[in-house]
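The values are calculated or read from the model by the stated rules, or taken from the named source; none is laboratory data. As the structure is a computational prediction, the values presented were derived from the model and not from experiment. Glycine gets a Cβ as well: all are built from the backbone with ideal geometry, and neighbour counts include every protein chain shown.
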Amino acid sequence: MIAKGIVVLILLGTVVLAILAALNQWPETHISKLVGKPSVISGALIGGALTIFAGWLAWEAVQQQLPAQQRATQVAELTYWQQRLGEAEMGIVGLKLIRRTVVTPLIEVLDDFDRAQDDHPYTSVLDEIRATGAFDHSMWPSTGPGNLLGWELNYHLSILRVQWDRSRGQVDEPVVEEIERSAQNSIVQLQRIIQSFDAEIAKQRENRDRARKTLALIEEKSLD
């Protein structure tokens, strides 16, 4: 930019000097009649040249900032979609792991319970849920921010684990009824969550594919 500025300044100076040299060859009376005194003209020309030069400097500065702004925008978009891709992939891995280790065993137990529900209280299925190992998961894989299925599943299993412990040897009728209501609510919620797993995995796959496609477009644009 400095080299270009020097060149532009030299060109402007050369033009001003050429104009002044031409004006000095005219009769002073003729100049005065047409445009005024040569000293006034020279001041106006120099001022005009400096104004043009200042305008060029401002224009050049703007042109240099544009690529930097475009690059900053591109980096922000790239970072955003990389984050979305990472979240989607984390969600897919976490949800599939939970489905394999927790949800699939629960489906069989709850399906059997649904077929015999009229003859059995909800607390009767707690031993079978415990036998699947669902109560033993102290660490759950992350399913990504904003995805609460894993958290909800763990929450209701925790409630059932507490109610299972309370129900052992319990003979107080009001307490037994309270445990039954709590177990019923959590089992119903488990069934709802389980039914949502496949749809949520499909949603995360769509998010992953969209992020990959957008990242490819951003990278392709950066090569243009």
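Quick one: would you say Arg208 is exposed (fewer than 15 other Cβ atoms within 10 Å of the Cβ), modelled with pLDDT of 90 or more and under 31 Å from the mean Cα position of the chain (by Cα)?
Working: exposed (fewer than 15 other Cβ atoms within 10 Å of the Cβ): no; modelled with pLDDT of 90 or more: yes; under 31 Å from the mean Cα position of the chain (by Cα): yes.
Against the criterion (exposed (fewer than 15 other Cβ atoms within 10 Å of the Cβ), modelled with pLDDT of 90 or more and under 31 Å from the mean Cα position of the chain (by Cα)), Arg208 does not qualify.
Step by step: first the residues of the stretch 166-177, then only those that are of a type outside the set (Ser, Thr, Tyr) and in contact with a helix residue (DSSP H, G or I) (Cβ under 9 Å, 6 or more places away or on another chain), then the one that is nearest to Met90 (Cα to Cα). Which residue is that?
First, pick out the residues of the stretch 166-177 that are of a type outside the set (Ser, Thr, Tyr): 166, 168-177.
Among the residues that remain, those that are also in contact with a helix residue (DSSP H, G or I) (Cβ under 9 Å, 6 or more places away or on another chain) are: 166, 170, 175-176.
Details: Arg166: 36, Gln170: 42, Val175: 41, Val176: 41 Å.
Filtering first and then ranking leaves Arg166.
Take the conditions basic (Lys, Arg) and touching a residue at least 60 places away in the same chain (Cβ under 8 Å) and apply them to Arg212. Does it pass? Spell out the reasoning first.
Working: basic (Lys, Arg): yes; touching a residue at least 60 places away in the same chain (Cβ under 8 Å): yes.
Answer is yes for this residue.
Collect the residues in the stretch 81-116 that are more than 34 Å from the chain's Cα centre (by Cα) and within 13 Å of Pro141 (Cα to Cα), keeping them in residue-number order.
If the condition is that a residue be more than 34 Å from the chain's Cα centre (by Cα) and within 13 Å of Pro141 (Cα to Cα), then no residue fits.
What helices (runs of 4 or more DSSP H) lie completely within the stretch 86-197 and have 1 or more residues being over 30 Å from Ala211 (Cβ atoms) and not assigned by TED's automatic domain parsing to the domain that holds Leu215?
On the way: elements: 104-115, 126-131, 149-167.
Output list is empty.
Give me the pairs, please: first residue somewhere in the stretch 70-84 and part of a helix (DSSP H, G or I), second residue anywhere and charged (D, E, K, R), beta-carbon distance under 9 Å, and either six or more positions apart or on two chains.
Once the first residue is part of a helix (DSSP H, G or I) and sits in the stretch 70-84, its partners that are charged (D, E, K, R) give Gln74/Lys221; Leu78/Glu219; Trp81/Arg210; Trp81/Arg212; Arg84/Arg208; Arg84/Arg210.
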